[in-house]
Amino acid sequence: MAALVGTLLLVAGCASTSPRHSTGGLVPAEHGRAALLPFENLAGREAEGTMFTKIFFAQLTATNAFEMVEPTRVEMAMDSVGVRSVGGITPAELQLLGNTLQAPYVLIGSVLESGKLQSGYGGQVPAVGATLRLVDARSGKVLWAGVHFRDGGDHETVFGWGRELSSERLALQLATEMLSDFQEAGSRYTRQIQSGGSK
């Protein structure tokens with residue numbers, strides 16, 4: 001898990017000062033077609049991968065950054081091209097999947113953490129962590145990558161006020177924050193194009 005996170009941060013090339021949040025890369029300005037693969041679950045709880053996939057698909061659709069392929073079509077295409085493991089997908093399989101779905105971009109996510117932590121004011125709070133990568137299906141190049149971690153005590157104040165006890169709501173908050181960075185990366189790309197490519 002540590003190696004995966006380290007690789008993503010290296011590829012992203014732009015790290016936050018906080019170890020709980022890092023994103024980097026650029027999102028293409030054109031509103032092309034993209035497929036979100038089912039989240040790979042590295043946290044040991046099978047249902048969490050499904051929950052994260054649904055949450056991120058809904059949030060990605062809301063951003064209007066891409067025309068999102070329906071999840072059922074993605075699953076059917078994965079079966080048809082023989083993709084068994086999202087974590088072990090090869091460049092050739094990625095290209096074939098993109099061609100099958102007519103989607104030049106593929107989003108690949110992983111659940112890194114999903115469990116409970118002890119709260120500072122007593123009791124337990126949920127803790128979640130996830131990565132997301134935007135990949136050019138034709139070349140296999142990672143265009144953008146992000147990793148976020150959140151726990152229910154992040155906004156906790158005195159006597160436990162502000163504590164989040166729902167893992168689903170916490171995952172939604174994580175997705176919203178990560179995709180806000182995703183949208184900013186798209187805006188940054190647009191600004192670079194408009195300024196003639198200068199940074």
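The values are calculated or read from the model by the stated rules, or taken from the named source; none is laboratory data. Quick caveat: nothing in here was measured; it's all calculated off a predicted structure. Positions of Cβ are backbone-derived with ideal geometry, glycine not excepted, and every protein chain shown enters the neighbour counts.
Brief remarks on what is shown
- Check on GLY88, outside any strand (DSSP E or B), modelled with pLDDT under 95 and closer than 21 Å to PHE52 by Cα: yes
- Qualifying position, being touching a helix residue (DSSP H, G or I) at 6+ places or on another chain (Cβ under 9 Å) and closer than 28 Å to SER167 by Cα, among VAL83, VAL135: VAL135
- From the list THR63, THR53, the lone residue that is modelled with pLDDT of 90 or more, more than 17 Å from ASN99 (Cβ to Cβ), surrounded by 14 or more Cβ atoms within 10 Å (Cβ to Cβ) and of a type outside the set (Lys, Arg) is THR53.
- Test: residue in the range 29-42 that is at pLDDT below 90, within 17 Å of the chain's Cα centre (by Cα), closer than 22 Å to SER167 by Cα and not in a loop (DSSP other than H, G, I, E, B): no
- Pairs with Cβ under 6 Å, 6+ apart, first in the range 56-80 and in contact (Cβ under 8 Å) with a residue 24 or more places away in the chain, second small (Gly, Ala, Ser) and assigned to a helix (DSSP H, G or I): PHE56/ALA175; GLN59/ALA175; ALA65/GLY186
- Qualifying residue in the range 97-109 (condition: in contact with a Phe, Trp or Tyr (Cβ under 7 Å, 6 or more places away or on another chain), surrounded by 17 or more Cβ atoms within 10 Å (Cβ to Cβ) and part of a strand (DSSP E or B)): yes
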